[in-house]
Amino acid sequence: MVFDQNKCVGCGECKIACNETNKLPKGRSRLLMQLNGVKPDGSNKKDRHYTRVSCQQCEEAPCIRVCPTGAAHRDKETGIVTVDADLCIGCKYCMMACPYGVRSWNAKEKAVEKCTLCGQLTSAGQEPA
């Protein structure tokens, strides 16, 4: 999946699509939208830009390295860094190790979750949300 940061206007539609597709509750998201270039007084509008932050699929993923059960792992078929909720013991080490802060705790499932790069859609031949 490729995201062209230069075209982002900060509308948040990608975040909304992700939240709706993954049926996430209000207040939780698998990606962040950061506003940059604005001074505390609100000035510098010409320098304002947004950064979309989600799992960066780190080559040497720290989340995988710290997981004691192997729940955080790289899928052998797709190469995507993911979480096996059945193996997750809820220690949240992977959440602390993520340099992007894009893992979250799912209290209902009692497991950590993260972006799957819309694997549930792409595996069915569909486009990511």
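The values are calculated or read from the model by the stated rules, or taken from the named source; none is laboratory data. This structure is a prediction, so every number in the text was calculated from the model and none was measured. Note that each Cβ is placed from the backbone with ideal geometry, even for glycine, and that neighbours are counted across all protein chains shown. Just so you know, the surface numbers come from the protein's heavy atoms only, side chains and all, with ligands and any DNA or RNA stripped out. Shrake-Rupley method; radii C 1.70, N 1.55, O 1.52, S 1.80 Å.
Some points to look at:
- Near Phe3: Cβ cut-off under 13 Å, other residues only, Lys/Arg at +1 and Asp/Glu at -1. The net charge is +1.
- Label-point separation in nm, Ala85 to Arg48, each point 7 Å along Cα→Cβ: 3.8 nm
- Separation between Cα centres of the stretch 77-129 and the stretch 1-38, rounded to whole Å: 16 Å
- Accessible area per residue was computed with a 1.4 Å probe on protein heavy atoms; Tyr100 scores about 100 Å².
- Counting only protein heavy atoms and a probe of 1.4 Å, the accessible surface of the stretch 1-124 is 51% carbon and sulfur.
- Percent of C-alpha pairs per 10 Å bin in the chain, short distances first: 11, 38, 34, 13, 3.
- Distance between modelled label sites at Cys11 and Lys110, nm, 7 Å Cα→Cβ extension: 4.2 nm
- Report summary: the helix-based calculation at 222 nm, which adds -39500 (n - 2.57) for every DSSP H run with n ≥ 4 and divides by the residues of the chain, gives -4000 deg cm²/dmol.
- Cysteines without a disulfide-compatible partner [the chain; Cβ-Cβ under 4.7 Å]: Cys8, Cys11, Cys14, Cys18, Cys58, Cys67, Cys88, Cys91, Cys98, Cys118
- Remark: the chain carries 67 Å² of accessible area per residue (probe radius 1.4 Å; ligands, DNA and RNA excluded).
- Take every Cα pair under 8 Å whose residues are at least 6 apart in sequence, average their separation, divide by the length of the chain, and the relative contact order is 20 percent.
- Dipole of the stretch 35-129, positive end: most advanced residue of Leu87, Leu35, Gln120 [Cβ charges, Cα centre]: Leu35
- Accessible-area value, Ile16, 1.4 Å probe, nucleic acids and ligands omitted, Å²: 80 Å²
- Label-to-label distance, nm, for residues given as Asn36 and Arg74 (7 Å Cα→Cβ offset): 2.6 nm
- Size of electric dipole in the chain: Cβ of Lys, Arg +1 and of Asp, Glu -1, about Cα centre, debye, nearest 20: 520 debye
- Build a GNM of the chain with springs between Cα atoms under 10 Å apart, and of Asp75, Asp86, Asp47 the one that fluctuates most is Asp47.
- Candidates Thr78, Thr21, Thr69: whichever shows maximal mean-square fluctuation once the chain is modelled as a Gaussian network with Cα springs under 10 Å: Thr78
- Hz values of 3J(HN,Hα) by residue in the stretch 59-65 - Karplus curve (6.51, -1.76, 1.60), Gly and Pro given as x: 4, 10, 4, x, 5, 5, 4
- Neighbour net charge for Asn106 - beta-carbon separation under 9 angstrom, K R +1, D E -1: +1
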